[in-house]
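K.L.:
One structure is given below, represented as C-alpha coordinates, and several questions about it will come after.
The values are calculated or read from the model by the stated rules, or taken from the named source; none is laboratory data. All values reported here derive from a predicted model rather than from experimental measurement. Cβ placement follows ideal geometry from the backbone for every residue including glycine, while neighbour counts extend to all protein chains displayed. Note: areas computed on protein heavy atoms with side chains; ligands, DNA, RNA excluded. Shrake-Rupley method; radii C 1.70, N 1.55, O 1.52, S 1.80 Å.
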Amino acid sequence: MKIERRNFIKLGLLQAAALGLTRKANAYQIPKILRRSGPSILQGATDDTKTQFSIVHNNTEILDIYAVDSAGRRRIPDFTRTVAFRDHGKKITKVYFSFLDVNETYELHLVNAITRELLDQREFQTLDLSKPDLNFALCSCMNDREHAPEIWQNMVQKKPDILLFIGDSVYADSDSPLTGADPSHLWNRFCEARTTLEIYYSHRLIPIFATWDDHDFGLNDTNGVDFKFVKESQENFLNFFAQDTSHCHILEKGPGVASALKFSNQTILLLDDRSFRQRRGSKDRYAHWGKEQETWILQKIRENPGPTWLMNGSQFFPNVPWKESVSGDHPENFLAFLQELKQIPRKVLFASGDVHYSEISKIEKEALGYETYELTSSSIHSRNIPGSPDIIPNNRRIAGNGQRNYLMVKAAAINGGCSLDVASYGVAGDARFQMSLQV
(Lines give C-alpha, C1' and ligand atoms only; values in the text may rest on other atoms or scores of the structure.)
Protein backbone atom coordinates (compact mmCIF):
# COMPACT_ATOMS: atom_id res chain seq x y z
CA MET A 1 0.00 0.00 0.00
CA LYS A 2 1.48 3.38 -1.04
CA ILE A 3 1.51 5.93 1.80
CA GLU A 4 1.53 9.62 0.88
CA ARG A 5 3.78 11.99 2.85
CA ARG A 6 0.92 13.63 4.77
CA ASN A 7 -0.39 10.21 5.76
CA PHE A 8 3.13 9.12 6.70
CA ILE A 9 3.29 12.05 9.13
CA LYS A 10 -0.13 11.11 10.47
CA LEU A 11 1.06 7.54 10.93
CA GLY A 12 4.08 8.72 12.89
CA LEU A 13 1.90 10.81 15.16
CA LEU A 14 -0.54 7.96 15.55
CA GLN A 15 2.21 5.49 16.44
CA ALA A 16 3.48 7.95 19.04
CA ALA A 17 -0.03 8.22 20.46
CA ALA A 18 -0.35 4.45 20.47
CA LEU A 19 2.95 4.17 22.33
CA GLY A 20 1.66 6.68 24.86
CA LEU A 21 -1.52 4.62 25.32
CA THR A 22 0.61 1.50 25.83
CA ARG A 23 2.69 3.20 28.49
CA LYS A 24 -0.43 4.43 30.22
CA ALA A 25 -1.89 0.94 30.02
CA ASN A 26 1.13 -0.45 31.87
CA ALA A 27 0.24 1.74 34.82
CA TYR A 28 -3.49 1.41 34.28
CA GLN A 29 -5.48 0.89 37.44
CA ILE A 30 -8.44 -1.44 37.05
CA PRO A 31 -11.59 0.69 37.47
CA LYS A 32 -14.44 -0.32 39.71
CA ILE A 33 -16.35 -2.95 37.77
CA LEU A 34 -19.85 -4.19 38.49
CA ARG A 35 -19.65 -7.98 38.64
CA ARG A 36 -23.12 -9.44 39.06
CA SER A 37 -23.90 -12.38 41.31
CA GLY A 38 -27.02 -13.61 39.51
CA PRO A 39 -27.05 -16.06 36.60
CA SER A 40 -25.48 -14.92 33.32
CA ILE A 41 -27.57 -16.28 30.44
CA LEU A 42 -26.55 -16.58 26.79
CA GLN A 43 -28.95 -17.89 24.14
CA GLY A 44 -26.80 -19.64 21.59
CA ALA A 45 -27.27 -21.46 18.30
CA THR A 46 -30.96 -21.44 17.36
CA ASP A 47 -33.07 -22.54 14.41
CA ASP A 48 -36.85 -22.48 13.92
CA THR A 49 -37.69 -25.24 16.44
CA LYS A 50 -34.62 -25.69 18.63
CA THR A 51 -32.43 -23.54 20.84
CA GLN A 52 -29.76 -23.85 23.52
CA PHE A 53 -28.40 -21.80 26.39
CA SER A 54 -25.16 -21.36 28.30
CA ILE A 55 -25.77 -20.28 31.90
CA VAL A 56 -22.90 -19.17 34.16
CA HIS A 57 -23.89 -19.35 37.82
CA ASN A 58 -22.64 -20.11 41.33
CA ASN A 59 -20.95 -23.47 41.66
CA THR A 60 -23.07 -24.37 44.71
CA GLU A 61 -26.39 -23.94 42.85
CA ILE A 62 -28.36 -26.78 41.31
CA LEU A 63 -30.86 -25.45 38.80
CA ASP A 64 -34.25 -26.60 37.58
CA ILE A 65 -34.77 -25.01 34.18
CA TYR A 66 -37.85 -24.93 31.98
CA ALA A 67 -39.54 -22.78 29.33
CA VAL A 68 -43.06 -21.38 29.68
CA ASP A 69 -45.18 -20.47 26.66
CA SER A 70 -47.80 -17.69 26.46
CA ALA A 71 -50.54 -20.10 27.63
CA GLY A 72 -48.57 -20.93 30.77
CA ARG A 73 -47.56 -24.43 29.63
CA ARG A 74 -44.16 -25.67 30.75
CA ARG A 75 -41.58 -27.09 28.34
CA ILE A 76 -38.96 -29.35 29.91
CA PRO A 77 -35.49 -29.30 28.31
CA ASP A 78 -34.31 -32.24 26.22
CA PHE A 79 -31.32 -32.43 28.55
CA THR A 80 -28.86 -30.31 30.51
CA ARG A 81 -25.17 -30.74 31.21
CA THR A 82 -22.80 -29.00 33.57
CA VAL A 83 -19.20 -27.89 33.07
CA ALA A 84 -16.97 -26.87 35.97
CA PHE A 85 -13.31 -25.96 36.40
CA ARG A 86 -11.52 -27.33 39.46
CA ASP A 87 -12.52 -25.32 42.53
CA HIS A 88 -13.70 -22.17 40.75
CA GLY A 89 -16.74 -20.42 42.23
CA LYS A 90 -18.69 -20.42 38.93
CA LYS A 91 -19.84 -23.24 36.67
CA ILE A 92 -21.70 -23.51 33.37
CA THR A 93 -25.01 -25.25 32.82
CA LYS A 94 -25.86 -25.98 29.19
CA VAL A 95 -29.59 -26.35 28.38
CA TYR A 96 -31.21 -27.71 25.18
CA PHE A 97 -34.81 -27.40 23.94
CA SER A 98 -36.61 -28.88 20.90
CA PHE A 99 -40.12 -28.80 19.39
CA LEU A 100 -40.56 -25.06 19.92
CA ASP A 101 -42.96 -22.86 17.94
CA VAL A 102 -41.36 -20.08 15.88
CA ASN A 103 -44.45 -17.89 16.41
CA GLU A 104 -44.32 -18.22 20.19
CA THR A 105 -42.54 -16.09 22.78
CA TYR A 106 -41.25 -18.14 25.70
CA GLU A 107 -39.98 -17.36 29.16
CA LEU A 108 -36.93 -19.21 30.41
CA HIS A 109 -37.26 -19.89 34.16
CA LEU A 110 -34.33 -20.73 36.43
CA VAL A 111 -35.32 -22.22 39.80
CA ASN A 112 -33.11 -23.23 42.72
CA ALA A 113 -33.68 -26.99 42.90
CA ILE A 114 -33.30 -27.02 46.70
CA THR A 115 -35.10 -23.89 47.91
CA ARG A 116 -37.50 -23.67 44.91
CA GLU A 117 -36.68 -19.96 44.66
CA LEU A 118 -37.13 -18.41 41.21
CA LEU A 119 -33.64 -17.10 40.49
CA ASP A 120 -34.20 -15.56 37.07
CA GLN A 121 -36.49 -15.43 34.07
CA ARG A 122 -35.84 -14.25 30.51
CA GLU A 123 -37.76 -13.93 27.26
CA PHE A 124 -36.69 -15.77 24.10
CA GLN A 125 -37.86 -16.92 20.65
CA THR A 126 -36.60 -19.20 17.92
CA LEU A 127 -35.44 -17.96 14.51
CA ASP A 128 -37.88 -17.36 11.65
CA LEU A 129 -36.19 -19.10 8.72
CA SER A 130 -38.91 -18.09 6.25
CA LYS A 131 -37.79 -14.45 6.20
CA PRO A 132 -36.09 -13.36 2.96
CA ASP A 133 -33.53 -11.27 4.84
CA LEU A 134 -31.35 -11.61 7.92
CA ASN A 135 -30.96 -8.71 10.33
CA PHE A 136 -27.81 -9.08 12.43
CA ALA A 137 -25.62 -7.02 14.74
CA LEU A 138 -21.90 -7.38 14.05
CA CYS A 139 -19.93 -7.10 17.30
CA SER A 140 -16.28 -7.21 18.38
CA CYS A 141 -13.92 -5.94 21.08
CA MET A 142 -15.88 -6.09 24.35
CA ASN A 143 -13.45 -5.20 27.12
CA ASP A 144 -15.31 -5.79 30.39
CA ARG A 145 -13.05 -3.22 32.06
CA GLU A 146 -14.37 -0.57 29.68
CA HIS A 147 -17.98 -1.75 29.92
CA ALA A 148 -20.73 0.47 28.46
CA PRO A 149 -24.09 -1.19 29.29
CA GLU A 150 -26.10 1.38 27.30
CA ILE A 151 -24.73 0.19 23.97
CA TRP A 152 -26.12 -3.30 24.60
CA GLN A 153 -29.46 -1.90 25.73
CA ASN A 154 -29.98 0.08 22.53
CA MET A 155 -28.78 -2.88 20.44
CA VAL A 156 -31.48 -5.12 21.96
CA GLN A 157 -34.09 -2.42 21.32
CA LYS A 158 -33.26 -2.55 17.59
CA LYS A 159 -34.38 -6.23 17.58
CA PRO A 160 -31.76 -7.95 15.42
CA ASP A 161 -32.50 -11.56 14.54
CA ILE A 162 -29.08 -12.68 15.76
CA LEU A 163 -25.84 -11.30 17.20
CA LEU A 164 -22.55 -12.24 15.56
CA PHE A 165 -19.54 -12.03 17.88
CA ILE A 166 -16.47 -12.01 15.63
CA GLY A 167 -13.64 -11.64 18.12
CA ASP A 168 -12.41 -10.32 21.45
CA SER A 169 -15.65 -10.96 23.31
CA VAL A 170 -13.37 -11.56 26.31
CA TYR A 171 -9.99 -9.97 27.04
CA ALA A 172 -8.68 -13.17 28.57
CA ASP A 173 -5.03 -12.05 28.49
CA SER A 174 -5.68 -9.11 30.81
CA ASP A 175 -3.25 -9.33 33.75
CA SER A 176 -0.99 -11.66 31.73
CA PRO A 177 -0.10 -9.60 28.61
CA LEU A 178 3.33 -11.17 28.09
CA THR A 179 2.77 -14.85 28.82
CA GLY A 180 -0.88 -15.12 27.88
CA ALA A 181 -3.72 -16.85 29.69
CA ASP A 182 -3.30 -20.39 31.01
CA PRO A 183 -6.44 -22.59 31.34
CA SER A 184 -7.24 -21.32 34.83
CA HIS A 185 -6.93 -17.70 33.78
CA LEU A 186 -8.98 -18.32 30.64
CA TRP A 187 -11.83 -19.75 32.73
CA ASN A 188 -11.65 -16.94 35.27
CA ARG A 189 -11.62 -14.12 32.72
CA PHE A 190 -14.50 -15.65 30.74
CA CYS A 191 -16.50 -15.86 33.99
CA GLU A 192 -15.69 -12.23 34.77
CA ALA A 193 -16.83 -11.08 31.32
CA ARG A 194 -19.97 -13.19 31.53
CA THR A 195 -20.91 -11.67 34.89
CA THR A 196 -20.28 -8.10 33.67
CA LEU A 197 -21.58 -7.54 30.15
CA GLU A 198 -25.11 -6.20 29.93
CA ILE A 199 -26.07 -8.47 27.04
CA TYR A 200 -25.97 -11.50 29.33
CA TYR A 201 -28.47 -9.84 31.68
CA SER A 202 -30.89 -8.57 29.07
CA HIS A 203 -34.49 -9.63 29.75
CA ARG A 204 -34.95 -10.26 26.02
CA LEU A 205 -32.43 -12.82 24.79
CA ILE A 206 -31.11 -12.83 21.23
CA PRO A 207 -29.29 -15.84 19.71
CA ILE A 208 -25.50 -15.37 19.68
CA PHE A 209 -23.17 -17.10 17.21
CA ALA A 210 -19.48 -16.53 17.88
CA THR A 211 -15.88 -16.98 16.86
CA TRP A 212 -12.74 -15.54 18.39
CA ASP A 213 -9.66 -13.41 17.87
CA ASP A 214 -6.44 -13.03 19.83
CA HIS A 215 -7.75 -11.79 23.19
CA ASP A 216 -10.37 -14.50 23.69
CA PHE A 217 -7.85 -17.00 22.29
CA GLY A 218 -5.49 -16.07 25.12
CA LEU A 219 -2.63 -13.79 24.00
CA ASN A 220 -2.42 -10.53 22.07
CA ASP A 221 -1.41 -10.83 18.39
CA THR A 222 -0.48 -14.50 18.78
CA ASN A 223 -0.75 -17.62 16.66
CA GLY A 224 -1.16 -21.37 16.96
CA VAL A 225 2.62 -21.88 17.04
CA ASP A 226 3.61 -19.65 19.96
CA PHE A 227 0.56 -20.04 22.21
CA LYS A 228 0.84 -23.12 24.43
CA PHE A 229 -2.82 -23.78 25.19
CA VAL A 230 -4.56 -24.02 21.81
CA LYS A 231 -6.66 -27.11 22.56
CA GLU A 232 -7.50 -25.96 26.08
CA SER A 233 -8.52 -22.55 24.76
CA GLN A 234 -10.77 -24.10 22.10
CA GLU A 235 -12.50 -26.21 24.75
CA ASN A 236 -12.89 -23.20 27.04
CA PHE A 237 -14.42 -21.05 24.29
CA LEU A 238 -16.89 -23.69 23.16
CA ASN A 239 -17.93 -24.35 26.77
CA PHE A 240 -18.86 -20.74 27.44
CA PHE A 241 -20.74 -20.29 24.17
CA ALA A 242 -23.62 -22.54 23.08
CA GLN A 243 -22.98 -23.82 19.56
CA ASP A 244 -23.73 -27.53 19.60
CA THR A 245 -24.79 -28.50 16.09
CA SER A 246 -27.03 -31.28 17.46
CA HIS A 247 -29.52 -28.58 18.43
CA CYS A 248 -29.29 -26.28 15.41
CA HIS A 249 -29.79 -27.70 11.92
CA ILE A 250 -28.64 -24.46 10.23
CA LEU A 251 -25.21 -24.62 11.96
CA GLU A 252 -22.27 -26.77 10.89
CA LYS A 253 -19.04 -27.12 12.83
CA GLY A 254 -15.79 -26.34 11.06
CA PRO A 255 -12.11 -26.79 12.00
CA GLY A 256 -11.10 -25.41 15.40
CA VAL A 257 -13.84 -23.07 16.62
CA ALA A 258 -15.00 -22.20 13.08
CA SER A 259 -18.63 -22.72 12.08
CA ALA A 260 -20.97 -22.24 9.11
CA LEU A 261 -24.41 -20.67 9.58
CA LYS A 262 -26.92 -21.10 6.72
CA PHE A 263 -29.88 -18.78 6.31
CA SER A 264 -32.06 -18.31 3.20
CA ASN A 265 -29.32 -18.88 0.58
CA GLN A 266 -26.81 -16.91 2.64
CA THR A 267 -23.95 -18.70 4.35
CA ILE A 268 -21.99 -17.05 7.14
CA LEU A 269 -18.57 -18.58 7.81
CA LEU A 270 -17.28 -17.67 11.27
CA LEU A 271 -13.57 -18.34 10.82
CA ASP A 272 -10.94 -19.48 13.32
CA ASP A 273 -8.02 -17.15 12.63
CA ARG A 274 -5.89 -18.32 15.60
CA SER A 275 -5.71 -22.10 16.02
CA PHE A 276 -3.88 -22.79 12.72
CA ARG A 277 -2.25 -19.40 12.20
CA GLN A 278 1.51 -19.25 11.66
CA ARG A 279 3.82 -16.44 12.66
CA ARG A 280 3.53 -13.08 10.96
CA GLY A 281 5.56 -13.04 7.75
CA SER A 282 5.26 -16.76 7.07
CA LYS A 283 5.23 -17.43 3.33
CA ASP A 284 3.46 -20.77 3.72
CA ARG A 285 0.55 -21.19 1.32
CA TYR A 286 -1.85 -21.85 4.22
CA ALA A 287 -0.26 -19.60 6.86
CA HIS A 288 -3.42 -17.88 8.09
CA TRP A 289 -6.24 -20.43 8.43
CA GLY A 290 -4.40 -23.69 7.77
CA LYS A 291 -4.96 -26.04 4.85
CA GLU A 292 -7.89 -27.95 6.38
CA GLN A 293 -9.84 -24.79 7.21
CA GLU A 294 -9.12 -23.05 3.90
CA THR A 295 -10.25 -26.16 2.01
CA TRP A 296 -13.41 -26.17 4.14
CA ILE A 297 -14.01 -22.46 3.42
CA LEU A 298 -13.76 -22.93 -0.34
CA GLN A 299 -16.01 -25.99 -0.24
CA LYS A 300 -18.72 -24.13 1.70
CA ILE A 301 -18.62 -21.30 -0.85
CA ARG A 302 -18.97 -23.76 -3.75
CA GLU A 303 -21.93 -25.51 -2.09
CA ASN A 304 -23.92 -22.32 -1.53
CA PRO A 305 -25.86 -20.93 -4.54
CA GLY A 306 -26.14 -17.54 -2.87
CA PRO A 307 -23.64 -15.14 -1.28
CA THR A 308 -21.19 -16.24 1.41
CA TRP A 309 -19.95 -14.05 4.26
CA LEU A 310 -16.37 -14.61 5.43
CA MET A 311 -16.11 -13.31 8.99
CA ASN A 312 -12.67 -13.09 10.58
CA GLY A 313 -11.30 -11.57 13.78
CA SER A 314 -8.60 -9.49 12.09
CA GLN A 315 -9.11 -7.58 8.85
CA PHE A 316 -8.76 -9.06 5.36
CA PHE A 317 -7.88 -6.24 2.91
CA PRO A 318 -6.77 -3.18 4.93
CA ASN A 319 -3.09 -3.29 5.84
CA VAL A 320 -2.36 -1.02 8.81
CA PRO A 321 1.36 -1.46 9.65
CA TRP A 322 0.92 -1.96 13.40
CA LYS A 323 -2.31 -4.00 13.24
CA GLU A 324 -2.87 -7.55 12.13
CA SER A 325 -4.55 -8.43 8.83
CA VAL A 326 -4.59 -11.33 6.40
CA SER A 327 -3.10 -9.16 3.64
CA GLY A 328 -0.40 -7.72 5.90
CA ASP A 329 0.60 -10.76 7.96
CA HIS A 330 0.41 -13.43 5.23
CA PRO A 331 0.31 -11.68 1.83
CA GLU A 332 1.32 -14.77 -0.18
CA ASN A 333 -1.47 -16.80 1.42
CA PHE A 334 -3.98 -14.00 0.85
CA LEU A 335 -3.15 -13.52 -2.83
CA ALA A 336 -3.38 -17.26 -3.47
CA PHE A 337 -6.69 -17.40 -1.58
CA LEU A 338 -8.10 -14.56 -3.69
CA GLN A 339 -7.11 -16.44 -6.83
CA GLU A 340 -9.01 -19.48 -5.55
CA LEU A 341 -12.07 -17.32 -4.84
CA LYS A 342 -11.87 -15.80 -8.29
CA GLN A 343 -12.29 -19.24 -9.87
CA ILE A 344 -15.56 -19.97 -8.00
CA PRO A 345 -18.74 -18.63 -9.66
CA ARG A 346 -20.11 -17.38 -6.34
CA LYS A 347 -20.08 -14.01 -4.62
CA VAL A 348 -18.36 -13.35 -1.30
CA LEU A 349 -18.56 -10.55 1.27
CA PHE A 350 -16.12 -9.94 4.13
CA ALA A 351 -16.54 -8.87 7.76
CA SER A 352 -13.93 -8.26 10.47
CA GLY A 353 -13.26 -6.56 13.79
CA ASP A 354 -10.15 -5.96 15.95
CA VAL A 355 -9.01 -2.44 15.04
CA HIS A 356 -11.17 -0.36 17.45
CA TYR A 357 -12.88 1.59 14.71
CA SER A 358 -15.54 0.68 12.17
CA GLU A 359 -15.37 1.15 8.43
CA ILE A 360 -16.70 -0.06 5.11
CA SER A 361 -14.09 -0.91 2.48
CA LYS A 362 -15.15 -1.16 -1.16
CA ILE A 363 -13.23 -4.00 -2.79
CA GLU A 364 -12.47 -3.30 -6.43
CA LYS A 365 -13.67 -5.57 -9.24
CA GLU A 366 -10.10 -6.57 -10.10
CA ALA A 367 -9.71 -8.49 -6.83
CA LEU A 368 -12.45 -11.08 -7.41
CA GLY A 369 -14.11 -10.23 -10.72
CA TYR A 370 -16.94 -8.25 -9.09
CA GLU A 371 -17.19 -5.40 -6.61
CA THR A 372 -17.74 -6.42 -3.01
CA TYR A 373 -17.23 -5.02 0.50
CA GLU A 374 -15.46 -5.60 3.79
CA LEU A 375 -17.40 -4.46 6.85
CA THR A 376 -15.26 -3.83 9.92
CA SER A 377 -17.12 -3.46 13.23
CA SER A 378 -15.13 -2.40 16.31
CA SER A 379 -15.33 -1.69 19.18
CA ILE A 380 -18.37 -2.26 21.40
CA HIS A 381 -16.45 -0.99 24.41
CA SER A 382 -12.66 -0.90 24.30
CA ARG A 383 -10.12 1.90 24.03
CA ASN A 384 -10.33 3.95 20.86
CA ILE A 385 -7.48 5.36 18.81
CA PRO A 386 -7.63 9.19 18.80
CA GLY A 387 -8.54 10.50 15.35
CA SER A 388 -9.30 7.10 13.86
CA PRO A 389 -10.17 6.05 11.29
CA ASP A 390 -9.57 9.32 9.41
CA ILE A 391 -5.83 9.43 10.03
CA ILE A 392 -5.34 5.76 9.13
CA PRO A 393 -4.77 5.24 5.38
CA ASN A 394 -7.24 3.02 3.55
CA ASN A 395 -8.00 4.04 -0.02
CA ARG A 396 -10.89 1.57 -0.12
CA ARG A 397 -12.75 3.16 2.79
CA ILE A 398 -16.14 4.67 1.94
CA ALA A 399 -17.46 5.15 5.50
CA GLY A 400 -15.95 5.10 8.99
CA ASN A 401 -16.56 5.68 12.69
CA GLY A 402 -13.90 5.83 15.40
CA GLN A 403 -16.20 5.95 18.42
CA ARG A 404 -17.58 2.97 20.34
CA ASN A 405 -20.12 1.34 18.09
CA TYR A 406 -21.43 -1.77 16.39
CA LEU A 407 -22.74 -2.42 12.89
CA MET A 408 -26.34 -3.40 12.21
CA VAL A 409 -26.72 -5.21 8.90
CA LYS A 410 -29.87 -6.18 7.02
CA ALA A 411 -28.87 -8.59 4.26
CA ALA A 412 -30.88 -10.44 1.60
CA ALA A 413 -29.70 -12.87 -1.07
CA ILE A 414 -30.67 -11.56 -4.53
CA ASN A 415 -29.75 -13.14 -7.89
CA GLY A 416 -26.66 -14.84 -6.50
CA GLY A 417 -25.53 -11.63 -4.83
CA CYS A 418 -26.53 -9.68 -1.78
CA SER A 419 -28.46 -6.51 -1.03
CA LEU A 420 -27.56 -4.97 2.32
CA ASP A 421 -28.26 -1.97 4.50
CA VAL A 422 -25.45 -1.16 6.94
CA ALA A 423 -25.54 1.27 9.86
CA SER A 424 -23.04 2.10 12.60
CA TYR A 425 -24.68 2.81 15.97
CA GLY A 426 -23.01 4.50 18.92
CA VAL A 427 -23.45 4.10 22.66
CA ALA A 428 -26.61 6.21 22.71
CA GLY A 429 -28.15 4.39 19.76
CA ASP A 430 -27.47 7.19 17.28
CA ALA A 431 -26.48 6.31 13.70
CA ARG A 432 -22.93 7.39 12.81
CA PHE A 433 -23.19 6.27 9.20
CA GLN A 434 -25.79 4.45 7.10
CA MET A 435 -25.33 2.96 3.63
CA SER A 436 -27.20 0.72 1.19
CA LEU A 437 -24.94 -1.59 -0.81
CA GLN A 438 -25.27 -4.20 -3.54
CA VAL A 439 -22.95 -7.10 -4.37
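K.L.:
Using only alpha-carbon positions, what ratio does the radius of gyration of the chain give when scaled by 2.2 N^0.38 Å?
P.N.:
My calculation over the Cα atoms of the chain gives 0.95.
K.L.:
Let me ask something additional. Based on the alpha-carbon gyration tensor of region 379-439 and its eigenvalue square roots a ≥ b ≥ c, which shape applies: rounded if a/c is under 1.5, prolate if not and a/b is larger than b/c, or oblate?
P.N.:
In terms of gyration-tensor shape, oblate.
K.L.:
Any idea what angle helix 5-26 forms with the longest principal axis of the chain, computed on alpha-carbon atoms, 0 to 90 degrees, nearest 10?
P.N.:
40 degrees
K.L.:
Would you give the gap between the C-alpha center of region 127-206 and the C-alpha center of region 306-347, rounded to a whole Å?
P.N.:
For region 127-206 versus region 306-347, the Cα centre distance is 25 Å.
K.L.:
Along region 99-110, what does the Karplus equation 6.51 cos²θ - 1.76 cosθ + 1.60 (θ = phi - 60°) give for ³J(HN,Hα), rounded to whole Hz, x for Gly and Pro?
P.N.:
So the J values, rounded to whole Hz, are 6, 8, 9, 5, 8, 9, 10, 10, 10, 8, 10, 10.
K.L.:
Rounded to two decimal places and with Rh computed the Kirkwood way over Cα pairs, what is Rg over Rh for region 225-358?
P.N.:
Rounded to two decimals, Rg over Rh is 0.95.
K.L.:
Arranged from highest to lowest average of other beta-carbon atoms within 10 Å per residue, in what order do the peptides 112-118, 156-162 appear?
P.N.:
156-162, 112-118
K.L.:
Connecting C-alpha atoms closer than 10 Å in a GNM of the chain, tell me which of Leu310, Leu335, Leu271 has the biggest fluctuation.
P.N.:
Greatest mean-square fluctuation among the candidates belongs to Leu335.
K.L.:
On a 0 to 90° scale, report how tilted helix 183-194 is relative to the longest principal axis of the chain, with both axes built from alpha carbons and the result rounded to the nearest 10.
P.N.:
80 degrees
K.L.:
What ranking do 279-286, 377-384 get when scored by the average of other Cβ atoms within 10 Å per residue, highest first?
P.N.:
Top of the packing list down: 377-384, 279-286.
K.L.:
Something else about it: Given springs between every Cα pair under 10 Å in a Gaussian network model of the chain, which of Asp272, Asp78, Asp87 has the largest fluctuation?
P.N.:
Asp87
K.L.:
Roughly speaking, to the nearest percent, how much of region 131-267's 1.4 Å accessible area is carbon and sulfur?
P.N.:
C and S atoms contribute 48 percent here.
K.L.:
What number, in percent, do you get for the relative contact order of the chain if the mean sequence gap of Cα pairs under 8 Å and at least 6 apart is divided by its residue count?
P.N.:
Here the relative contact order equals 15 percent.
K.L.:
Now for a separate question. Please give the per residue accessible area of the chain, computed with a probe of 1.4 Å over protein heavy atoms only, in Å².
P.N.:
That works out to 40 Å² for each residue.
K.L.:
Then there is this: Using the Karplus equation 6.51 cos²θ - 1.76 cosθ + 1.60 (θ = phi - 60°), what ³J(HN,Hα) coupling, rounded to whole Hz, does each residue of region 121-126 give in order, writing x for Gly and Pro?
P.N.:
After applying 6.51 cos²θ - 1.76 cosθ + 1.60, I find 8, 9, 9, 8, 9, 8 Hz.
K.L.:
Still on this structure, I have one more. Apply the Karplus parameterisation 6.51 cos²θ - 1.76 cosθ + 1.60, with θ equal to phi minus 60°, to every residue of region 386-392 and state each ³J(HN,Hα) to the nearest whole Hz, in sequence, with x for glycine and proline.
P.N.:
In residue order, the calculated couplings are x, x, 7, x, 4, 8, 9 Hz.
K.L.:
Tilt of helix 331-342 relative to the longest C-alpha principal axis of the chain, in degrees (0 to 90, nearest 10)?
P.N.:
The answer is roughly 80 degrees.
K.L.:
With respect to the cross-link table entries Lys94/Lys131; Lys50/Lys131; Lys90/Lys159; Lys262/Lys347; Lys94/Lys253, which display a Cα-Cα separation exceeding 21 Å?
P.N.:
Lys94/Lys131; Lys90/Lys159
K.L.:
At 1.4 Å probe size, what's the solvent-accessible area of Thr179? Round to the nearest 10 Å².
P.N.:
Roughly 110 Å² of Thr179 is accessible to a 1.4 Å probe.
K.L.:
Counting only residues 5 or more places away or on other chains, whose amide H sits under 5 Å from the amide H of Arg75 once H atoms are built in the peptide plane?
P.N.:
Amide H neighbours of Arg75, under 5 Å, 5+ apart: Ala67, Val68, Asp69.
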